[in-house]
Structure formats: structure tokens, C-alpha cells
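> Can you keep this structure in mind? I'll have questions shortly.
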Amino acid sequence: MPLLIDGFNLIYKFPELEALMYSGRLNAARAGLLVKLKEYQKIKKTSIRVVFDGKKDKAVETTSEKVGKIDVYYSLDYSADYLIKQFIKKDLNPKMTTVITSDKDIIFYINRFGAKNITSEKFAEIVNSAFAEILEEEELQKITSEKENPSVSEDEISYWQKLFRKK
């Protein structure tokens, strides 16, 4: 199921990214969100479009770019809300799209087209939960592989060799 994400709305739901925003590090916060979304996309195998308000940089008029497999859009002179609504309005099957936002105006609008919504707060929990599951699986695999393939140090080998030579 494709995701359409209100970028800045979601940034503020991750405390470390929110801190970057409050310290005036907009580009770092945006990049941090995209890193999280790329990792999430690897786990969940879904298409993602992210819409940010304004320009990528003050001097650059970029309207869109690809970051990994994520489509990133910049609203330039429009609001991200406007672009999100336009994406849903022009979508051939909006019922298949899930919009990630907590903006009540966008939620009201997309509901008219049958698009699904997950609030930014809930989606941040989903992303963090997905990462936690992966970490737990990696830890479990590490423990299991250590049991299956125990490593023997050089000192242990030497000890056993000496012990068997004596007999």
C-alpha cells in the first residue's frame, strides 16, 4: 500500500528530529527523516512519497527528487497540504493510498476520496516498533548462531592440546 507522507508533520514526532528543527537544522532533520523512511521501506517493501513545505534550499527551485527509492517533493510556493490534496485528487485509485498526517484539514479532504489515514504520531510508533522488531531478531540470530557455531580461542585450543599430549 503506497504511503503519502506530510514530511514536516512527521518530523516533529521523532524527538531527535524535532530537536534538530528547533535548533534550526532543517536540512539535517529532513535528511534524518529520509534515512528513517529508507530503512522502514526496506523492512516493509512499500512505495513512499514525502512532501515537504517550501524549497529544498533557498537558492534551488527543485520540485522533486529521488532519495533511494523514495519520491521526495518540495511545495515551493504552495503548501505541502495543497500538494498532498492534489496527489489524492489525481490518484486513479486513492483508496489504495495511505496518507500519513495529523493535519485535520488534510484528513477531512482525503476521506472524501476514500484514502486511508494514519496519524503522524501513530506512524512514528509503527516505524519505531518495526526497528525494534528488527533489532530483536538480529539479537536472537546472534545468540542462536553463537550456540550453533561456538568459537574457540587460541588459548583454549592450546590448553586442550597440552591436556591430550599428556595422555
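> Starting from the 7 Å offset along Cα-to-Cβ, what nm value, one decimal, do you get for the label separation of Ser153 and Ala132?
Here the answer is 3.6 nm between the modelled labels.
> Would you check the accessible area of Thr97, probe 1.4 Å, heavy atoms only, in square angstrom rounded to 10?
That residue has around 0 Å² of solvent-accessible surface.
> Give the angle, between 0 and 90 degrees and rounded to the nearest 10, that separates the Cα long axis of helix 26-44 from the longest principal axis of the Cα atoms of the chain.
Result, in degrees: 60.
> Normalising by the residue count of region 31-103, find the relative contact order in percent from Cα pairs under 8 Å and 6+ residues apart.
In percent, rounded to a whole number, it is 26.
> Hey, which of these cross-link pairs are over 21 Å Cα-Cα: Lys13/Lys36; Lys55/Lys116; Lys58/Lys89?
Lys55/Lys116; Lys58/Lys89
> I'd like the projected area of the chain, averaged over all directions, using the convex hull of its alpha carbons. Report it in nm² with one decimal.
With every direction weighted equally, the projected area is 14.3 nm².
> With label points built 7 Å along Cα→Cβ from the Cα atoms of Val67 and Ser23, find their separation and express it in nm.
Result: 1.8 nm between the two label points.
> Next up: Take Ile48, Ile126 and sort them by solvent-accessible surface of the protein heavy atoms, 1.4 Å probe, largest at the top.
Largest accessible area first, the list is Ile126, Ile48.
> Give the relative contact order (percent, whole number) for the chain; include only Cα pairs under 8 Å separated by 6+ residues.
Relative contact order comes out at 22 percent.
> Provide the FRET efficiency to the nearest 0.05 for the Arg112-Leu76 pair, computing r from the beta carbons and using R0 = 22 Å.
Working from the Cβ atoms, E equals 0.30.
> What ranking of Tyr109, Tyr78, Tyr12, Tyr22 comes out by heavy-atom accessible area, probe 1.4 Å, highest first?
Tyr22, Tyr78, Tyr12, Tyr109
> Tell me the label-point distance for the pair Lys162, Lys45, using the 7 Å Cα-to-Cβ offset, in nm and rounded to one decimal.
That separation, rounded to one decimal, is 5.4 nm.
> Which trypsin sites (Lys or Arg not before Pro) from region 56-92 combine a DSSP loop assignment with at most 12 other Cβ atoms within 10 Å?
Answer in residue order: Lys58.
The values are calculated or read from the model by the stated rules, or taken from the named source; none is laboratory data. Worth saying up front: this structure is predicted, and the values here are computed from it rather than measured. We place every Cβ from the backbone using ideal geometry, glycine too, and count neighbours over all the protein chains shown. When the accessible area is computed, the model is the full protein with side chains, heavy atoms only, and any ligands, DNA or RNA have been set aside. Shrake-Rupley method; radii C 1.70, N 1.55, O 1.52, S 1.80 Å.
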